[in-house]
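The values are calculated or read from the model by the stated rules, or taken from the named source; none is laboratory data. Here the structure is a predicted model, which means the values were calculated and not measured. All Cβ positions, even for glycine, are placed from backbone atoms using ideal geometry, and neighbour counts span all protein chains on display. For accessibility, only protein heavy atoms count, side chains too; no ligands or nucleic acids. Shrake-Rupley method; radii C 1.70, N 1.55, O 1.52, S 1.80 Å.
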Amino acid sequence: MGPPSSEFAAFFQLVTGDPPRPFQERLALQADWPEVLRIPTGAGKTAAVGVAWLWCRLAAGEEVRRRTPRRLVYVLPMRVLVEQVSDRFRGWIDALREAGWSSLPEVEVLMGGELPSRWEVQPERDQILVGTQDMILSAALNRSYASNRFRWPIYFGLLNNDTLWVLDEVQLMGPGLPTSAQLDAFRRGYGTYGPTASIWMSATVRPDWIETVDRPAPQRICELTDDDLKDPALHKALTATKTVWELKRVKASNREYPEALARAVLELHKARTRTLVMLNTVQRAQAVYTALRERLQRAERFDQGSEPVVILLHSRFRPPDRAEHMRIAQEEAALSPGGLIVVSTQVLEAGVDLSAATLVTELAPWASVVQRLGRCNRYGEEREACVYWIDLPERMSAPYGAAEMAEARGLLKELEGRSADPLHLPAPASPLAKGDVLRRRDLRDLFDTAPDLSGNETDITRFIRDPADRDLFVAWREWPGKEPDPAWTEASAQELCKAPLEDVRRLLQMRRRVAAWDFLERQWRPLRPSDPLFPGQLVVLDTSEGGYDPDLGWNATLTAPVAPVGSAADETPEAVGSDGGTWEGIWQELAEHAEETAQEMKALLDALDIGEIEAVRQDLELATRCHDLGKAHQVFQEAMLDGLADEERETRRTKLWAKRPGKLRKGYKYPHFRHELASLLGLLPHQEGEEGPALSDLALYLVLSHHGKVRLGIRSFPGERRLDAGPGEDRVLGIATGDELPRVDLGGGLVVPATRLDLEPVMIGTGRAGPSWLERSLSLLETLGPFRLAFLEALVRAADARASQAAQEREKREGERDA
């Protein structure tokens, strides 16, 4: 991929502090990215891909840079790995910065509840995006979990264009694995702006795991060669002794299984070492952890001060608690004097930089067993390390299948009393179960983000996780009474804990206090037992209702009050009838904002420098200039002047405003009013040759979609349309036929004459205005494809946000200068 290897070796050493291994150098310098990276645990897969991408984007020359995607999307199966991987990337970026490099990528962690971040508005920048498969795949499917639904199209566009996807520890991905393969195939088929590629990584990955109905099995595979094994440190790790024994005295089928296993673990544990206990379910992990704590409290075999520290890790902790548990699990200081016992689920199965002298694990599929073995004597630092495995009856095999468990059982029995060193482990023979496979029609259906007025949402769980693993996100807040606090702000990532959807449903049936944001009514609303719940949803539980403990994590049977974690947000969530970006703390005229947004788009396109986008540059620049035309509507302008003193109100009435300080106190006169629809209807007549700007269907679509609230279909909301409605009373999104926009100067010599609005073009079917808007937008979707169309949406929204931010910063500077 670039200049002579000596230059890459120096770059790798600068970034990581170590020389590259041969496979890491081969990966960086070959002509194309590998499709599969099959490398044993602990050998340096993350550094191989991460540093190679940095090399190609920063140091390998202009030709290589142009064919290398500008966004690295790093997908991990478990949340516990995200912080570790993102910290490694930040360390590498810091090393380059300290060496004098500039224009470096930024590292962003994608998680539910996160506030708007710079990565969304800087699509021209090199970026490293790290997250779990739940968060990234849901976002890539246009249904981002626990996120503002109106930003879904931004994530969808940015994650599917100009991206190198790296999918780590794929044996844990379940249905997410074929989904990632299908998305890769669809990006090739539909087309994208900028290059895209995907790399699937694991010690045990097989090419046929990636093969789907639309994606052939990978051909480009990178793995170790004899040259790699000449590295003494790598050879030591790959031949490290870890003797396998079946723990026959512990019977998983017995009711006393957690207590029996806790007793055996304490007998096997060695002082000043780490013991890792891996269970297949959160429930069993919590039970064994509790049994261990109870036994230690009785101090059955330990002198005072010599008992081990016991910590629990699984996927259902709030981020601050999970981070603290992970810190302790990896802390070498915790190994003295009594050592450390880490009880875990699959969250520690892969990628975590942690090594145990003793591993106790339940039976799991062979690919998972290999990863678990990689947590024992990881670097060959122990002279004697042991692995003890517990057989499980078929009724306890969930979440795994009986056939794959049988394969692993046979292989482990063959290893009895022998070392399971990574270099000599057999490859898995069983194919991965693929479940539901994402098809083109599914992707097209998901492109439409219009809300279901009944409260239901499209369930994409079957494309991401096992359908039985249906989780939502819970935050805890203090309720002032029986109703949620109307002043609650948007939930932040630090508040959120994954919880089984059925657990929350049972709490609702028990009349526990649970609330969710109603994006139609602009309020937090208590949920009823009959209300639908859907995976990825964000709900708020009263702190007095329990359900969580910092040591145990989520457990619906817990009743003790939960301490809330403060939200970093200062705004309520978005709703259909809200316009958060409008209330920016400054007064700004419509023409000025239009001009500045158009200039931001021009600068953004120049910086992107993607040749294919030049064909639609004029559409993008016109769309950004015209996007807020509908703010000239009387409903919007009256809201701008609401609450002002009479004199100021009359003074400001002479101008058309795009932004103002403060907050929208009463809401719009018509609750679901959308100025984007007024913009579309104000521009449509001029497309047919009337006086004014003639925008293409693409430019009109980008005008309509620039807040993510109205995109393909245009529909009315409850209470807007009545059978007995008179003239001007039958409204769609607050707009009625006969409403008027005044003459509007949008800068740059573009003036839109006064226009009478007509709803007919947005109705279903063909009328005197020709095809409906839905038909025209679907035709546009077919022509450009979903990924490119969404990317153009993201560019318009980035330019809009940047123009607003620049105006605020300018006002702040002027205020400081005047002061």
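What the stretch 381-424 shows is 54 Å² of accessible area per residue, with the surface traced by a 1.4 Å probe over protein heavy atoms.
Note on Glu502 and Thr651: their simple-model spin labels are 6.5 nm apart, each label 7 Å out from Cα toward Cβ.
Annotation for the stretch 171-208 versus the stretch 458-516: alpha-carbon center distance of 30 Å.
Net charge near Pro19, counting Lys/Arg +1 and Asp/Glu -1 over other residues with Cβ under 11 Å of its Cβ?
Numbers: positive: Arg21; negative: Asp18, Glu25, Asp231.
Value of the local net charge: -2.
Less than 5 angstrom separates the built amide H of Val73 from those of Leu129, Leu164, Trp165, Val166, all sequence-distant by 5 or more or on a different chain.
For the chain, what does the relative contact order come out to in percent, with C-alpha contacts under 8 Å and a separation of six or more? Can you show the working numbers first?
Details: 1576 pairs, mean separation 105.3, N = 819.
After rounding, I find 13 percent.
Ordering Tyr400, Tyr670, Tyr145 by accessible surface, largest first, gives Tyr670, Tyr400, Tyr145; the 1.4 Å probe counts only protein heavy atoms, with every chain in place.
For the stretch 388-524, what's the relative contact order in percent, using C-alpha pairs closer than 8 Å and at least 6 residues apart? Spell out each step's value before the answer.
Working: 54 pairs, mean separation 22.5, N = 137.
Relative contact order comes out at 16 percent.
In summary, no lysines lie within cross-link reach of Lys482, defined as a Cα separation below 17 angstrom excluding same-chain residues under 8 places away.
Just to be sure I understand, if you calculate Kirkwood radius over Cα pairs in Å for this structure, which of [x] 36.5; [y] 33.3; [z] 28.8 do you get? Matching the structure shown: [z].
Here Lys242 is the anchor, and the aspartates and glutamates within straight C-alpha reach of less than 19 Å, apart from those fewer than 8 places off in the same chain, are Glu267, Glu349, Asp353, Glu362, Glu381, Glu382, Glu384, Asp391, Glu414, Glu416, Asp421. The accessible surface of the stretch 736-799, taken with every protein chain in place and a 1.4 Å probe, is 52 percent carbon and sulfur. At full extension, Glu782 and Ala607 could sit 60.2 nm farther apart than now, given 0.36 nm per residue minus the alpha carbon distance. If R0 equals 35 Å, the separation of the Cβ atoms of Glu394 and Glu211 corresponds to a calculated FRET efficiency of about 0.75. Computed in the context of the full set of protein chains, the accessible area of the stretch 236-306 at 1.4 Å probe radius has 44% of its extent on carbon or sulfur. Close amide H contacts of Thr755 (hydrogens built in the peptide plane, cut-off under 5 Å, sequence separation of 5 or more or a different chain): Leu741. In order along the stretch 42-55, the phi-based Karplus estimate (6.51 cos²θ - 1.76 cosθ + 1.60, θ = phi - 60°) of 3J(HN,Hα) comes to x, 8, x, 5, 4, 5, 4, 6, x, 6, 4, 5, 4, 4 Hz; Gly and Pro are listed as x. Close amide H pairs (under 5 Å, H built 1.01 Å from N) link Gln523 with Asp518, residues at least 5 positions away or on another chain. In order along the stretch 14-25, the Karplus-derived 3J(HN,Hα) couplings, from 6.51 cos²θ - 1.76 cosθ + 1.60 at θ = phi - 60°, round to 4, 6, 9, x, 10, x, x, 7, x, 5, 5, 6 Hz, and Gly and Pro are given as x.
Other residues with beta-carbon under 14 Å from the beta-carbon of Asp452 carry, at +1 per Lys or Arg and -1 per Asp or Glu, a net charge of -3.
Charged neighbours of Arg215, selected by a Cβ distance under 11 Å, balance to -2 (K, R count +1; D, E count -1).
For a Förster distance of 56 Å, can you work out the FRET efficiency between the beta-carbons of Glu811 and Arg188, rounded to the nearest 0.05? Write out the running numbers ahead of the final one.
Values: r = 46 Å, r/R0 = 0.82.
With a Förster radius of 56 Å, E is 0.75.
3J(HN,Hα) couplings calculated from phi for the stretch 786-801 with the Karplus curve 6.51 cos²θ - 1.76 cosθ + 1.60 (θ = phi - 60°) are, in sequence order, x, 6, 5, 5, 5, 5, 5, 4, 4, 5, 4, 5, 5, 4, 4, 5 Hz; Gly and Pro show x. For Tyr193, the solvent-accessible surface computed with a 1.4 Å probe is close to 10 Å², ligands and nucleic acids excluded. What pairs in Lys498/Lys631; Lys602/Lys709; Lys498/Lys602; Lys602/Lys655 have C-alpha atoms more than 32 Å from each other? Lys498/Lys631; Lys498/Lys602, as the Cα separations exceed 32 Å there.
Is it possible to state the helix-based mean residue ellipticity at 222 nm for the chain, with each DSSP H run of 4+ residues giving -39500 (n - 2.57), the sum divided by total residues, to the nearest 500 deg cm²/dmol? What is it? List each step's numbers first, then the result.
On the way: 27 runs with 296 residues, N = 819.
Mean residue ellipticity, 222 nm, calculated: -11000 deg cm²/dmol.
Note on Tyr379 and Asp94: with the Förster distance fixed at 25 Å, the Cβ-Cβ geometry gives a FRET efficiency of about 0.55.
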